[in-house]
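Report on the structure given below.
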Amino acid sequence: MIRPTEERREAGSYSDFRATGLRWVLLAVVMLFCIGPLFWQAVTSVKPDADLVRLPPILPAEITATHYERVLLGSPLVQALANSVVVAAGATVVSIVVGSFCAFALARLPIAGKSIILGLILVTSMFPPIAVISPLYLVMRELGLRDTLMALSLTHAVYALPLAVWLLTSFIRQLPSELYYAARVDGCTPLRALLTVILPLARPGLAVAALLVFIFSWNEFMFALTLTASDATRTAPVAVALFPGLYEIPWGDLAAASLVVTLPVAGLALVFHRHIVAGLTAGSVKG
Amino acid sequence: MVPRRTSMTGAAMRRTLSEKSWGYVLAAPAFILVGCLALAPIAAALWLSLRHRLPILAVDEFVGAANYLDLLSDDRFWAACRTTLYFTVLSVTIELVLGLGLALLLHGLTRRPSPSARIAQVVTILPWAVPTVVSAQIWLWLYQPDYGLLNYLLRQAGVVAASVDWLADPDWAIHAAIAMDVWKTTPFAALLLLAGLKAVPEDLYDAARIDGAGWWERFRMITLPLLMPIILITLVFRTMDAVRVFDAVYVLTGGGPGNATETLSIYAYKTLFQSLQFGYGSALATAMFVIAAALSTMYLLLLRRHLREVP
Amino acid sequence: MTARGWLIVWALSVTGCMQPGESPEPAATVLVFKHGRLSGDGEALSGLLREFEQRFPGVVVREELLPASSDRQHQYYAMNLDGGSAPFDLLGVDTIWVQEFAKAGWLSSLDDILLPAERDEFFPGPIEAATFEGRLYALPWYIDAGVLYYRRDLLERHGLDPPRTWPELVRAAKLVLDAERDGRLAGFVWQGKQYEGLICVAVEVLRSHGADLWTGDRDRAEAGLRFLREAISVHGITPLSASMADEESTRLMFGDGRALFMRNWPYAWALLQREGSPVRDKIGMAPLPSFPGQAGAPVLGGWLLAIPQNSPKREAAGKLIRFLTSLSAQRRIAMDLGYNPTRRALYAEQSLLKVRPLLKDLYPIFVSARPRPITPYYLALSQAAQPEVSAVVVGRKTPREALTAVRSQAERLLPKSAFPSKAKES
């Protein structure tokens, strides 16, 4: 395996040092940019109610856990998180499985009308959900699936499918075609070739697609609001939207809730990180 | 895993499915799912756009293209178009540029696995991980003139004398929404582009370095062309999302002040669910679809020559 | 784990979650009560519903919550009531929707549930808003109206009384602002964001001048709109940020001691008087001012209860509606939830007034509160008017331009009712 090129550079060169330094500065700026608003939410979530709008000081004199108490113990948010996990996991599994099959067919197999299929799948992502939500809801209601997690999961899978298919098609296409033909010559069916040869090599693409589908499903609000009705099925964004009263918005609670809702995804990103970063160094093509 | 070596006689090959059939079998589930849960409701919406449907007046009649003709002469529609296109062009461009920069940064960082790399990647994902309704509330809180952190920091730094009313000024409001969208969606672009960067073989860079190519040349000759398919996907999907942007603007401004930030989706939402004009609202939604489709087609055509294999 | 393994795990977990809640005994009627999330103690309403279940054994009430946002609820109801087979038996409706829902044939007439003789027991405003073509379609659940909050301590310090007219308010605000020399103190804050709240404010100001947004004397209406703009541009008593202000941001601003006057709904009082609030015991509430020689009329808010058309459980739902609007239930709503009851008798009950003394001051306000235009097209009218009034607030349009636009749009929308066959969507 070729050594990472960094090590080939002369050690201790000034431009090298400057480039690294610049890189760290840039990274720090980016981190600040990404985390800034969330840090502010964290501060808000521990401020006592009376201090919520006092600015200065940025950091409160005393911190309180009441917002987290109300959010975690006094509201159905934890149940909603569990629902979100189920829905998002289901949507991810369905989307990746179905999407990778379809992407493989589009990338490697000689079917007719590829542009049409890709185009039609893309149309799903082009049409605004607000116009689609009414007919979809009525269909679900007729099927008796209103207020079920399965309906929501499937809906999310379908609406995330275009991104998954397009992404995976691109990744699979970039893999050398000899791999596939070699597997076929060895006697694999196309499906087996896909599962045993192609997909392991497309891991970064799969990991990214899975993460994006999961996050899409986790964050999705409009379908979740419409297709669920009770605490048992509500997902996290809908639960957060239920915090405000008619006029009153409990800002501290809302801040706590928004952090609680974001953390599971952050954890998941950690898990997926390994797979995304695996890249060519881990699963390289030899020769 | 060592595949079993079987000799494929002519008879054996005929018994198994042909490649083409396999292709259809594998593509079928996606097609069925999309057909039932997406294309069918879309068709219903399209059909509705050809009707006058006013439940309050108990009107439900087929009128052909009348809604679309009304659309063309509707000033509010054109204003919303302008706002939406402005939002789309600005936010997608900024997100792509920043996303690429971020991806390059992370790519360099993650060449060697390290805890800082892991943390960096997780932190950059965070804005994307926040649900839009929540992040809109977060930024609404940030933009407040009196207790918003943004104005406080600007005042402390001496950049402004008094608080800026980000959302109160018709000229500034859309930029405030764009800033929020950029914060939220740059990680999405960065993640896609990072995956694309990871797929570029290192040996190409090494060969170029041996040939004496500098950083910019390496970027222009190797990275950019190989990244084009991913850039295209990022552009297409981000554009489609930006054309359909709703929560980000609705929670911040409700389309105001004075309809200055009314995007097409807000206009469609109000028409559908406030004024209860289902036919006209569906026509508005179709117009959004046409715009998104036109932009995507434009990208595909323009960047076609950069793709090695075109769809 | 292989993909197949994940698929199995997911399928199992989802099937396990497919049935929401437990299924009731077959004999019981389940009433689904759909309403927006209420502030405050969530248990209080549940307690009321359990009491109802005890009084009427065989009926079980299941609450299904919607977000408190009026827009989101309206969207939900529009989608569900249109088909005619709504998946709920009782719904909470905003005062401005009843006419629209009634005309669309989505609601069941409640004339048999609340007899005409009993209607006087409620405030006249909500009953008027819920009566369509002579029939009652919803029963008042809780009521709201716009009020003026003021800083008693600041006014006393400068020897001023709570203003009764708008010019008085402007004078008082200018006087106090000049004297206090506090750059962060605003004179008068109100909701100026482009949404329904802005229309409430505009209607209140215009009506207090003897006109209205869609009808009435044009010059007076223009003067009303001009007052709103001039509060910002000429008198400087309202900050520029008014055009992004809603109920909560004005409440927070006033609650932090940074405003002298505030127009808001009564809900803010309890929050402003909370432990630790900087303005605790320094505030007062008064009816909204009017222009000299005119009578003010706050805008009526609040929510009502209705039953969908063709509901198979109408009888049971009717009982629930009567229960929730009964004297005892309304009393509990006032005491435990802090919402304002719609039965007039409660405002004279000493025991209730001891716990909620504010109700005494609110009574004349609620009696005089008038609904926004009572027409099925109110939402369309409001949608058309919101950007115009908002444009006046930011100074993009003159009051005359905005008013012309609002009224010509109203003309286009309203006469449709006379010619349904020629109805044109635009």
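The values are calculated or read from the model by the stated rules, or taken from the named source; none is laboratory data. Here the structure is a predicted model, which means the values were calculated and not measured. Virtual Cβ from ideal backbone geometry, glycine too; neighbours counted across all protein chains shown.
A few notes on this one:
- Within the stretch A:50-72, being more than 9 Å from chain C (Cβ to nearest Cβ) and either assigned to a helix (DSSP H, G or I) or within 23 Å of A:Phe221 (Cα to Cα) (or both) holds for A:Thr66, A:His67, A:Tyr68, A:Glu69, A:Arg70, A:Val71, A:Leu72.
- Residue check for A:Asp253: buried (at least 23 other Cβ atoms within 10 Å of the Cβ), more than 29 Å from A:Met140 (Cβ to Cβ) and charged (D, E, K, R): yes
- Enumerated helices (runs of 4 or more DSSP H) restricted to the stretch B:199-244, each holding at least 2 residues that are more than 10 Å from every other protein chain (Cβ to nearest Cβ), of a type in the set (D, E, K, R) and free of Cβ contacts under 8 Å to residues at least 24 places away in the same chain: B:215-218
- Residue in the stretch B:106-121 that is farthest from B:Leu72 (Cα to Cα), counting only those that are of a type in the set (A, V, I, L, M, F, W, C) and crowded, with 20+ Cβ neighbours inside 10 Å: B:Ala120
- Sole exception among (1) acidic (Asp, Glu); (2) closer than 30 Å to C:Glu411 by Cα; (3) not in a helix (DSSP H, G or I) for C:Glu222, by number: (3)
Table: residues versus (1) at pLDDT below 95; (2) touching an Asp or Glu at 6+ places or on another chain (Cβ under 9 Å); (3) in a loop (DSSP other than H, G, I, E, B); (4) buried (at least 24 other Cβ atoms within 10 Å of the Cβ).
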{"position": "C:Phe261", "(1), (2), (3), (4)": "no, no, no, yes"}
{"position": "C:Arg280", "(1), (2), (3), (4)": "yes, no, yes, no"}
{"position": "C:Gly301", "(1), (2), (3), (4)": "yes, yes, no, yes"}
{"position": "C:Pro312", "(1), (2), (3), (4)": "yes, yes, yes, no"}
{"position": "C:Ser328", "(1), (2), (3), (4)": "yes, yes, no, no"}
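- Filter result (of a type in the set (Ser, Thr, Tyr) and buried (at least 22 other Cβ atoms within 10 Å of the Cβ)) within the stretch B:133-159: B:Ser135, B:Tyr143
- Some residue of the stretch A:207-220 being buried (at least 24 other Cβ atoms within 10 Å of the Cβ) and aromatic (Phe, Trp, Tyr): yes
- For the stretch A:151-161, the criterion of a residue being part of a helix (DSSP H, G or I), at the interface with chain B (Cβ under 7 Å from one of its Cβ atoms) and touching a Phe, Trp or Tyr at 6+ places or on another chain (Cβ under 6 Å) is satisfied by at least one position.
- Looking only at residues in the stretch B:74-120 that are in a loop (DSSP other than H, G, I, E, B) and at the interface with another protein chain (Cβ under 9 Å from one of its Cβ atoms), the one that is farthest from B:Thr223 (Cα to Cα) is B:Asp74.
- Close contacts from the stretch B:123-149, counting a first residue that is more than 7 Å from chain A (Cβ to nearest Cβ) and a second that is in a helix (DSSP H, G or I) and among the small types (Gly, Ala, Ser), with Cβ to Cβ under 7 Å and a gap of 6+ residues or different chains, come to B:Ala136/B:Ala248; B:Tyr143/B:Ala176; B:Gln144/C:Ser249; B:Pro145/C:Ser241.
- Members of the stretch B:172-192 that are within 10 Å of another protein chain (Cβ to nearest Cβ) and not aromatic (Phe, Trp, Tyr): B:Ala173, B:Ala176, B:Met180, B:Val182, B:Lys184, B:Thr186, B:Pro187, B:Ala190, B:Leu191, B:Leu192
- Count of residues meeting criterion [farther than 20 Å from C:Leu38 by Cα, in contact with a helix residue (DSSP H, G or I) (Cβ under 9 Å, 6 or more places away or on another chain) and of a type outside the set (D, E, K, R)] in the stretch C:326-350: 4
- If you go through the stretch C:243-277 and keep only what is over 28 Å from A:Thr64 (Cβ atoms) and at the interface with another protein chain (Cβ under 7 Å from one of its Cβ atoms), you end up with C:Ser243, C:Met244.
- Answer residue from the stretch C:366-398, given it is free of Cβ contacts under 8 Å to residues at least 40 places away in the same chain and facing chain B (nearest Cβ under 10 Å) and is farthest from C:Ser243 (Cα to Cα) among those: C:Ala380
- Some residue of the stretch A:171-185 being more than 10 Å from chain B (Cβ to nearest Cβ) and β-branched (Val, Ile, Thr): yes
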